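Take a look at the structure set out below.
Read the figures in this text as sums done on the coordinates, not as results from a lab. Here the structure is a predicted model, which means the values were calculated and not measured. Reconstructed Cβ throughout: ideal geometry from the backbone, glycine too, with neighbour counts over all protein chains shown.
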């Protein structure tokens, strides 16, 4: 099968029928102890992880739904000995496949070559500090920064498209420019910026305020004008509103519509539990009982997440509702327990409704 070149268009998806992207947490085991870890990863493999055969079925069902992208995450997916089989099976089913290894001693040139030979389309490395001290302190394992830099060099050497992942919150938003400079130097094809949602170990951290988010959006937008790689903001869907407001400076380089938890996005944990996203960890069924197709299309919680008429407060009457989809439903849920309330990290105030006599 001919591999898709980085940046090539991906077919459109009806989000009521299939997610644009499915993330499978192939294992929760990881040797890092990152402060923001959604999974609160542990140092040992769980015997209840999905087997290779169960993984194959998930991959086949993902392709059958019409989903174009699948990403194998963790924990550390390099702890799965069958990762290459999973990648190859994904490619044989017509999927674009990515993975996100942890920056540990398992990240070797030999293993990177192995996943390349299996057909990997893109590989992400996390960078959470502009300096070695900042990054290692956040990842809580000395040497993680050095391994990330070495890994990025190997990825380029092997001609695997490189993605960089970075989380932002109260602790580092003021370091955006320094981090951006480092990311640019790594020459990725894609920078995925995660705006903190307080789940897992990340519940101990503080995210950006709505005003701080606007400042970050301005810097991200300015950077997009200058760099050749794509920038995607995860759990900051209202960036689309900011970019639309400032489209005279540069067009929006984002998917045609916002991708949300349960609405264009689906997450499967290491035991086969299906969630709207890893940042909205509400179990809606298990693959050992129901197919991912049935859960995504028919579970009431997923269906609610795809109904914009359920949104309340300022989102309900916002002129940018279609543009951003109401911001992060995961953040709204994490901070209020309600998926319908406005995203607390959005500073925009819609125009008041006209008075009707």
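Observations
- Compared with the alpha-carbon gap, the fully stretched path from residue 210 to residue 316 is longer by 36.3 nm at 0.36 nm per residue.
- Values [x] 0.94; [y] 1.06; [z] 0.97 are given for comparison; Rg/Rh (Cα atoms, Kirkwood Rh), derived from the coordinates here, is the one labelled [x].
- With contacts taken as Cα pairs under 8 Å and at least 6 residues apart, the chain reaches a relative contact order of 17 percent.
- 299, 238, 260, 89 arranged by Cβ crowding within 10 Å, fewest neighbours leading: 299, 89, 260, 238
- Whether the range 144-268 is rounded, prolate or oblate, judged on the alpha carbon gyration tensor where a/c under 1.5 counts as rounded: rounded
- Sorted ascending by nearby beta carbons within 10 Å, beginning with the fewest, 293, 133, 160 become 133, 293, 160.
- Based on Cα contacts under 8 Å between residues 6+ apart, the range 174-238 shows a relative contact order of 46 percent.
- Segment residue 247..residue 219, full-extension length gain: 8.7 nm, with 0.36 nm per residue of separation and the alpha-carbon distance subtracted.
- Value of relative contact order over the range 212-284, rounded to a whole percent, pairs C-alpha under 8 Å and six or more apart: 19 percent
- Antiparallel DSSP beta bridges within the chain, as percent of all bridges there, nearest 5: 15 percent
- Fewest-first ordering of 24, 171 by other beta carbons within 10 Å of each residue's beta carbon gives 171, 24.
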